[in-house]
There are 2 protein chains.
Amino acid sequence: MALKSFIEVHPDSHFPIQNLPYGVFKPQPGSSPRPGVAIGDYVLDLSEIASAALFNGPLLNNSDCFHQPNLNKFVSLGRPAWKEARATLQKLLSATEPTLRDNATLREKSLVPMSRVELLLPVQIGDYTDFFSSLHHTKNCGLIFRGPQNPVLENWYHLPVAYHGRASSVVISGTDIVRPRGQAHPTPGSPPYFGPSRKLDFELEMATIVGPGNDLGKPVDINNAADHIFGVVLMNDWSARDIQAWEYIPLGPFLGKNFGTTISPWIVTLEALEPFACEAPKQDPPPLPYLTEKVSKNYDVSLEVHIKPAEHEKPSVVTRSNLKHLYWTLTQQLAHHTINGCNLRPGDLLGTGTISGPEQESRGCLLELTWNGQNTLSLNGVDRKFLEDGDEVTFTGYCKGDGYTIGFGKCSGRIIPSAP
Amino acid sequence: MALKSFIEVHPDSHFPIQNLPYGVFKPQPGSSPRPGVAIGDYVLDLSEIASAALFNGPLLNNSDCFHQPNLNKFVSLGRPAWKEARATLQKLLSATEPTLRDNATLREKSLVPMSRVELLLPVQIGDYTDFFSSLHHTKNCGLIFRGPQNPVLENWYHLPVAYHGRASSVVISGTDIVRPRGQAHPTPGSPPYFGPSRKLDFELEMATIVGPGNDLGKPVDINNAADHIFGVVLMNDWSARDIQAWEYIPLGPFLGKNFGTTISPWIVTLEALEPFACEAPKQDPPPLPYLTEKVSKNYDVSLEVHIKPAEHEKPSVVTRSNLKHLYWTLTQQLAHHTINGCNLRPGDLLGTGTISGPEQESRGCLLELTWNGQNTLSLNGVDRKFLEDGDEVTFTGYCKGDGYTIGFGKCSGRIIPSAP
């Protein structure tokens with residue numbers, strides 16, 4: 001019989017007692033930010049639970065990690081502390097445990113309706129890295145930009161290709177995105193185009209939140225890499241394809257990407273995802289020893305992309321994909337990142353890259369869906385090649401358990417026009 | 001007659017009263033980090049000057065910006081506060097002002113011999129960006145990797161090309177650099193090389209420290225860009241050429257760069273550099289309006305690179321270059337970075353890219369000096385194609401004034417072997 005909470009949770013809710021994802025919120029507009037977990041339609045205020053001395057395990061007993069304005073301190077503590085917190089919270093929220101259930105004053109203080117809270121970035125992100133780990137996405141991009149001779153470059157099969165993104169412009173779901181201005185390819189005899197991007201796109205990604213870091217000069221062993229991963233969020237790596245195409249040779253994406261990256265507010269832990277682990281795709285050629293895992297796992301997370309044009313009441317689904325399509329695993333990404341001695345810090349964000357599946361309907365960005373604007377996508381009668389002002393793009397993700405759903409909530413953002 | 005301090009300063013010292021660069025230091029191993037300025041062979045402890053209520057101008061009077069463990073708060077205050085601090089400190093340190101000169105107790109507390117202090121990173125760096133703004137460097141790299149047909153790509157003349165680097169691995173001068181391990185190009189029929197980098201290099205750069213930032217979605221106007229620049233440091237963008245060459249297509253440098261970046265501890269302000277401003281090179285084609293400046297300035301800063309092999313007593317000079325060789329100015333870099341709405345934050349680091357001059361002796365990295373290892377460089381009888389374990393690389397930079405030197409001190413790091 002499945003674990004149940006004394007709080008009523010609909011079977012389709014993303015936040016049953018089996019999930020308990022971590023976020024940071026303000027219960028009221030004036031209050032200070034504090035950590036919480038999502039449970040049904042409520043947020044449990046962990047600063048109140050800590051103040052009530054209910055984190056009474058040996059590791060969290062005297063910790064101030066839930067009296068911080070972000071989760072960096074908690075995620076730095078590592079898996080034993082995460083397991084202890086999860087055990088404490090699952091017990092406290094269970095239907096059979098009276099401590100919180102029967103204490104009206106504490107319930108009043110610590111359980112805040114989710115509809116009322118303001119959700120903030122859950123961690124202070126020191127560095128944000130973005131990988132390029134879906135073979136389907138990589139192949140499609142290669143076909144579009146380089147043609148059918150050699151769509152996937154030789155290095156791609158040997159290492160998880162990545163670049164550094166911009167930490168300052170990572171924003172929380174619900175933040176509007178201003179259409180970026182910039183340069184694009186000149187037409188012959190003219191200077192480059194300059195103006196609002198004409199090829200604004202989303203990229204369907206997920207991202208790892210790093211737990212304990214590593215010291216500079218000390219790589220993380222591939223078989224310990226999972227212990228450096230606290231959890232996972234949804235991520236939209238907004239991309240201006242025209243700006244990117246003109247600027248990116250030879251040093252990679254810059255202004256085509258760094259105007260905004262949206263993440264979902266709730267970090268779903270690896271513990272909650274564990275029942276949905278699945279075998280990662282076979283890698284051929286076999287990876288070098290530093291990337292060879294004893295157990296190579298992906299997670300079966302269904303992903304959807306919805307677009308709602310300003311004039312529509314309802315969004316249209318444009319993509320259905322799945323995290324399990326990744327070629328390079330989350331742990332391979334992390335181990336590769338540190339093999340040269342590069343140091344990760346608690347709260348760092350590692351994007352997976354666009355997660356495209358094998359089918360046309362599972363392509364993770366408009367570049368692929370409209371084949372760089374050659375085709376048109378119909379959203380319930382409205383045509384799109386790229387995003388228009390007023391479009392709202394929403395990602396969602398979930399794992400279906402037996403009678404419950406482990407969900408990621410939403411990762412959403414609306415395009416607003418460039419300043420004149 | 002030049003301004004003089006009551007502290008004796010040798011004419012060749014980098015730190016006369018005309019300079020007053022800002023850093024962060026610990027006066028004793030156990031003390032807390034605090035801001036200071038360099039004056040001759042001393043560091044003036046700004047937390048002590050603030051505690052003595054000597055910052056008595058209207059802007060800094062009640063500020064706690066000098067009671068912080070880094071300079072982020074001070075640099076965020078903007079040019080009027082920087083000018084006020086400079087005026088206060090130049091007066092306080094001048095030969096004719098008794099306040100500090102004749103107060104033995106305060107002198108004892110606030111003036112610490114530089115030989116005794118530990119210097120730390122002066123700012124907490126939110127994001128680190130690296131540009132590619134020297135035409136000579138760009139042309140040499142193009143000749144080496146693509147040949148003489150088209151050494152400089154078309155986009156380069158239209159925008160200051162840049163990529164995001166890694167903030168976590170920026171270290172202060174004097175920190176050892178562990179030789180990175182990683183993958184490099186396979187030989188036909190074999191898997192990629194894996195092991196310690198065989199092509200470890202330095203890159204002679206300078207870097208802007210950002211003052212006040214800008215909000216996401218709000219670009220900085222090119223003609224206001226200088227007010228967002230607090231000052232400049234020396235920077236060594238250590239590079240593993242073999243790792244970089246194999247990984248960088250199509251998303252740019254990653255593990256070939258992010259194992260370490262060294263900066264000098266003293267931030268020389270734009271105020272101190274102003275007497276050494278010079279005209280920037282003429283740009284043809286003319287830049288787009290958002291990159292067109294009313295006054296386009298470089299700074300005449302002489303730069304030197306020294307390498308000391310482990311077995312040598314003395315370093316050998318391998319490069320003499322100058323900041324004035326930059327094609328894209330510091331202000332163009334900053335304005336370009338924000339044109340798409342990307343937000344900068346106080347303390348961000350913007351590297352110039354390798355600063356090579358037009359002559360063979362002014363090339364800013366070994367890649368150019370040895371033409372990717374085709375030639376050998378002799379260091380006083382010891383041959384080098386790339387860096388060997390034990391090599392210590394030191395950059396220095398200075399502007400020669402009339403009877404005084406505005407210097408940057410040193411930016412230094414020694415290569416230590418990869419872990420086995």
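The values are calculated or read from the model by the stated rules, or taken from the named source; none is laboratory data. Just so it is clear, the model here is predicted, and its values are computed rather than measured. Heads up, the Cβs are rebuilt from the backbone with ideal geometry, glycines too, and the neighbour counts pull from every protein chain shown. The protein model used for the area step is the full one, side chains on, heavy atoms only, and it has no ligands, DNA or RNA in it. Shrake-Rupley method; radii C 1.70, N 1.55, O 1.52, S 1.80 Å.
The same position B:Leu153 in the other copies lies at 1.0 nm from this copy, comparing label points 7 Å beyond Cα toward the beta-carbon, shortest first.
Give A:Lys199/B:Lys218; B:Lys139/B:Lys324; A:Lys83/A:Lys297 a once-over and call out the pairs whose C-alpha atoms are over 23 Å from each other. From A:Lys199/B:Lys218; B:Lys139/B:Lys324; A:Lys83/A:Lys297, over 23 Å: none. Working from label points 7 Å from Cα in the Cα-to-Cβ sense, the B:His312 to B:Asn224 distance is 4.8 nm.
Which order do B:Lys410, A:Lys257, A:Lys109 take by accessible area at a 1.4 Å probe, largest first?
Numbers: B:Lys410 135, A:Lys257 20, A:Lys109 110 Å².
Putting B:Lys410, A:Lys257, A:Lys109 in descending order of accessible area: B:Lys410, A:Lys109, A:Lys257.
Ranked by solvent-accessible area (1.4 Å probe, protein heavy atoms only, all chains present), the residues B:His10, B:His312 order from largest to smallest as B:His10, B:His312. For segment B:377-387, 3J(HN,Hα) computed residue by residue from phi via the Karplus equation (6.51, -1.76, 1.60; θ = phi - 60°) reads 9, 9, 9, 6, x, 9, 8, 9, 9, 10, 6 Hz, glycine and proline entered as x.
Once you charge only the Cβ atoms, +1 for Lys and Arg and -1 for Asp and Glu, what is the size of the charge dipole of the protein assembly as shown about its Cα centre, to the nearest 20 debye?
Roughly 80 debye for the protein assembly as shown.
Summarising the strand pairing of the protein assembly as shown, around 90 percent of its internal DSSP beta bridges are antiparallel. Placing a label point 7 Å from Cα along the Cα-to-Cβ direction at B:Gln374 gives distances to the equivalent points in the other copies of 3.9 nm, listed shortest first.
Give the shape of segment A:22-120 as rounded, prolate or oblate, defined through the alpha-carbon gyration tensor: a ≥ b ≥ c are the square roots of its eigenvalues, a/c under 1.5 means rounded, and otherwise the shape is prolate if a/b is larger than b/c and oblate if not. Oblate, because a/c is 1.5 or more while a/b does not exceed b/c.
Counting only other chain Cβ atoms within 10 Å of each residue's Cβ, the peptide B:211-218 averages 3.
Using unit Cβ charges (K, R positive; D, E negative) and no other charged atoms, how large, in debye to the nearest 20, is the dipole of segment A:40-152 about its Cα centre? Write out the running numbers ahead of the final one.
Numbers: 11 positive and 11 negative charges, 85 e Å.
Rounded to the nearest 20 debye, it is 400 debye.
Could you compute the net charge surrounding A:Leu46? Neighbours are other residues with a C-beta less than 14 Å from the C-beta of A:Leu46; K and R count +1, D and E count -1. Taking every Cβ under 14 Å from that of A:Leu46, the sum is +1.
Label points for B:Lys109 are taken 7 Å from Cα along Cα→Cβ. From this copy to the others they lie 4.2 nm apart, shortest first.
Using 16 Å as the cut-off for backbone N distance, which residues of segment A:252-268 belong to the label zone defined by a point 7 Å from the Cα of B:Leu153 along Cα→Cβ? Flagged as within label range: A:252-257. Considering only B:Ile355, B:Gly211, B:Cys278, the residue lying farthest towards the positive end of the dipole of chain B is B:Gly211, judged by Cα position with unit charges set on Cβ.
For segment A:260-353, which trypsin sites (Lys or Arg not before Pro) are both in a DSSP coil and crowded by at most 16 other Cβ atoms within 10 Å?
Values: sites: A:Lys282, A:Lys294, A:Lys297, A:Arg320, A:Lys324; in loops: A:Lys282, A:Lys294.
Sites meeting the loop and neighbour criteria: A:Lys282, A:Lys294.
Summing +1 for each Lys or Arg and -1 for each Asp or Glu among the other residues whose beta-carbon sits under 12 angstrom from that of B:Val117 gives 0. Scanning chain A for the Cβ atom closest to the axis that brings A onto B yields residue and whole-Å distance A:Gly252, 1.
Would you kindly state the longest site-free stretch of chain A, with sites defined as GluC sites (Glu not before Pro) in a DSSP loop (not H, G, I, E, B) surrounded by at most 11 other Cβ atoms within 10 Å? Spell out each step's value before the answer.
On the way: sites that count: A:Glu8, A:Glu311, A:Glu313, A:Glu359.
Free of exposed loop sites, the longest segment is A:9-310.
For every other residue with a beta carbon closer than 15 angstrom to the beta carbon of B:Gln28, add +1 if it is Lys or Arg and -1 if Asp or Glu, then tell me the sum. That sum, taken over residues with Cβ under 15 Å, equals 0.
Comparing mean-square fluctuations of A:Gly30, A:Gly390, A:Gly409 from a GNM of chain A with C-alpha springs under 10 Å, the top value falls on A:Gly30. For peptide A:289-299, the mean count of partner chain Cβ atoms within 10 Å of a residue's Cβ comes to 1.
For segment A:22-120, what is the relative contact order in percent, using Cα pairs closer than 8 Å and at least 6 residues apart in sequence?
On the way: 138 pairs, mean separation 38.2, N = 99.
In percent, rounded to a whole number, it is 39.
Mean sequence separation of contacting Cα pairs (under 8 Å, at least six apart), scaled by the length of segment A:128-416, corresponds to a relative contact order of 28 percent.
Rounded to the nearest 20 debye, the dipole magnitude of segment A:128-416 is 460 debye, with +1 charges on Lys and Arg beta carbons, -1 on Asp and Glu beta carbons, and the Cα centre as origin.
The simple spin-label model puts a point 7 Å past each Cα toward its Cβ; for B:Glu279 and A:Asp41 those points are separated by 7.1 nm. Across the options A:Leu46, A:Ser31, A:Pro98, the greatest Cα extent toward the positive end of the charge dipole of segment A:1-150 (unit charges at beta carbon of Lys, Arg, Asp, Glu) belongs to A:Leu46. Legend: calculated FRET efficiency, B:Lys400 to B:Trp371, from the Cβ-Cβ distance at R0 = 30 Å, rounded to 0.05, equals 0.40.
Per residue of B:332-341, what is the mean number of Cβ atoms on other protein chains within 10 angstrom of that residue's Cβ?
Working: counts 0, 0, 0, 0, 5, 4, 3, 8, 20, 13.
So the per-residue partner count for this stretch is 5.
Among the listed pairs A:Lys91/A:Lys410; A:Lys308/A:Lys385; B:Lys26/B:Lys400, those whose Cα-Cα separation exceeds 19 Å are A:Lys91/A:Lys410; B:Lys26/B:Lys400. Projected label points at B:Ile144 and B:Thr99, each 7 Å from Cα along the beta carbon direction, are separated by 5.1 nanometres. For B:Ala53 and B:Glu361, a Förster radius of 30 Å and the Cβ-Cβ distance give a FRET efficiency of 0.05, rounded to the nearest 0.05.
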